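Beneath this line is the structure, given in structure tokens, with notes to follow.
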Amino acid sequence: MTRYQILTLTSIASVNFSSMICYSILGPFFPKEAVKKGASQTVIGLIFGCYALCNLMGSLVLGKYIVQIGAKFMLISGLFVSSVCTILFGLLDKVPDGATFIILCFIIRSVDAVGFSAAMTSSFAVSTKVFPNNIATVLGSLEIFTGLGLILGPPIGGWLYQSFGYEFPFMALGCFLFLMVPFNMYILPSFDADPSKDSFFRLFTRLKIVLICFAIFTLSSGLGFLDATLSIYAIDTFNLSPGYVGLLLLGLSLPYCLASPLLGIVSDRFPSTRPWFMVLGGLFTATGFWFLGPVPILQIKSQLWLVVFMLGIIGFSLSMTAIPTFPEILDCAYENGFEEGLSTLGLVSGLFGAVWSFGMFCGPTLGGFITQQLSFEWAASVQGGLTFLAVCIVIINVFYIVLFITTRISDTLKNRYSRHLVLAVLGPWSPTASDE
């Protein structure tokens with residue numbers, strides 16, 4: 001790699017790691033603290049969900065205007081906003097219980113989401129800009145640092161919470177995120193580009209992109225559902241401490257972290273495997289959610305080893321489905337006349353972030369509601385069914401494409417066979433090669 005590429009990769013890796021470790025610390029202990037402050041399971045789901053909803057809106061706007069704002073400035077300002085909001089979130093245990101606590105949770109999480117969307121949208125676009133021929137490989141490699149953030153966040157957050165109380169995890173990791181601001185100001189190169197006239201609406205006119213977006217939605221909704229509900233379920237069912245809940249979440253993050261680079265390399269070298277990765281990954285994800293509870297109609301008793309094993313299956317299958325989606329959307333955009341440049345990369349990054357965030361909103365919101373009204377087992381079953389629906393739609397699309405290509409090849413062969421038959425019958429009266 002060139003020095004330019006090394007500096008960019010280092011910068012984006014630091015952004016992915018620091019942002020995800022601050023995002024993931026809430027899982028082991030915040031839902032329980034929010035219950036003490038008077039929040040219901042549905043409200044907790046909405047607190048997690050509002051983050052995703054604001055991330056959605058931020059991704060669309062910032063992805064559209066990434067060229068005008070500047071990719072480097074967007075990334076650095078997003079880190080700064082997220083670091084300040086993380087520190088402020090650690091002070092919420094000082095506010096009164098009830099409505100005041102809930103309202104401030106919504107406000108701080110919403111602003112934090114906009115900062116996070118700025119950093120993530122810029123990082124996706126910049127990575128693809130600097131490594132145009134190895135998109136899946138680079139994104140898969142960067143997911144190591146995303147996975148490390150997801151891996152270390154829950155156990156570190158749970159341990160700091162048990163040892164020092166509610167405030168310390170947010171203060172420590174918020175300051176760590178703040179240190180990434182001057183670091184990235186120094187090492188991240190600047191990027192110049194011209195704005196284009198393309199839009200998100202034009203992207204959504206392609207059926208293939210819509211189907212891939214639905215697959216992305218099911219993935220992120222599953223992760224959002226686990227963020228909002230798994231810790232309470234594990235504490236109530238298995239009597240685990242917040243620290244052990246953080247370790248439990250390793251079963252989800254570690255397989256994702258380890259599998260992403262390999263799947264990225266395979267996806268780049270064999271692009272035709274991408275749809276089948278998405279299909280197989282979706283099937284494994286659906287199976288993982290069905291046995292996570294497990295489904296009540298199976299009458300299987302919930303056991304800790306089964307939960308850990310299913311989280312591992314879900315983590316691995318998420319990487320199978322998620323890694324091919326971004327390069328597939330980008331290839332489809334280029335095939336349909338989008339200009340190659342930072343502006344299109346910003347649109348695709350913004351679309352990816354927006355769809356992911358919409359899933360992260362629906363997952364905790366719907367999952368929290370179903371958990372409160374029925375049970376965690378039924379909520380996980382619904383999530384598995386949603387993923388299976390996405391798999392069925394992708395399979396239908398893949399077979400339609402295969403059938404279309406096969407029909408075209410068959411028609412071409414028939415035409416060639418007919419032409420050769422005519423030439424054989426005419427013999428010496430057949431046209432010359434130039435006439436044919």
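The values are calculated or read from the model by the stated rules, or taken from the named source; none is laboratory data. If you're wondering where the values come from, they're calculated on a predicted model, not measured in any experiment. Cβ atoms come from the backbone with ideal geometry, glycine included; neighbour counts cover every protein chain shown. The protein model used for the area step is the full one, side chains on, heavy atoms only, and it has no ligands, DNA or RNA in it. Shrake-Rupley method; radii C 1.70, N 1.55, O 1.52, S 1.80 Å.
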With -39,500 (n - 2.57) per DSSP H segment of 4 or more residues and division by the full residue count of the chain, the 222 nm estimate, nearest 500 deg cm²/dmol, is -28000 deg cm²/dmol
Tilt, helix 207-238 to longest principal axis of the chain (alpha-carbon atoms), in degrees rounded to tens, equals 30 degrees
Simple SL model, points at 7 angstrom along Cα→Cβ for Phe238 and Tyr65; separation in nm is 4.6 nm
Here Rg/Rh (Cα, Kirkwood) for the chain equals 1.06
In order over the range 160-169: 3J(HN,Hα) from phi, Karplus 6.51/-1.76/1.60, θ = phi - 60°, whole Hz, x for each Gly or Pro, gives 5, 5, 5, 7, 10, x, 5, 5, 4, x
Here Rg/Rh (Cα, Kirkwood) for the range 1-95 equals 1.06
For Asn336 and Leu298, extending 7 Å from Cα along the Cα-Cβ vector and measuring point to point gives, in nm, a value of 3.8 nm
Cα-based Rg/(2.2 N^0.38 Å) for the range 329-390, rounded to two decimals, is 1.60
Length gained if Ile187 through Ser375 is fully extended, taking 0.36 nm per residue and subtracting the Cα-Cα distance, is 62.8 nm
Sequence order, the range 323-340: Karplus ³J(HN,Hα) from phi using 6.51 cos²θ - 1.76 cosθ + 1.60, θ = phi - 60°, Hz rounded, Gly and Pro as x, gives 4, x, 5, 5, x, 5, 5, 5, 4, 5, 5, 5, 5, 9, x, 6, 5, 7
Working note, the range 21-175: Cα radius of gyration (Å, one decimal) and Dmax (Å, whole number) are 16.5, 53
Those chymotrypsin sites (Phe, Trp or Tyr not before Pro) from the range 203-255 that are DSSP loop and have at most 16 other Cβ neighbours within 10 Å turn out to be Phe204
For the range 201-309, the accessible surface attributable to carbon and sulfur atoms (probe 1.4 angstrom, ligands and nucleic acids excluded) amounts in percent to 72 percent
In whole percent, the fraction of accessible protein surface over the range 115-182 that belongs to carbon or sulfur atoms, probe radius 1.4 Å, stands at 74 percent
Correct response: the longest run of the chain lacking exposed trypsin sites (Lys or Arg not before Pro), defined by DSSP loop and at most 10 other Cβ within 10 Å, is 1-196
A chain fully extended from Val382 to Phe168 at 0.36 nm per residue, minus the present Cα-Cα distance, gains in nm 73.4 nm
Residue-ordered couplings for the range 138-144, obtained by feeding phi - 60° into the Karplus form 6.51 cos²θ - 1.76 cosθ + 1.60 and rounding to whole Hz (Gly and Pro as x), are 5, 5, x, 5, 5, 5, 4
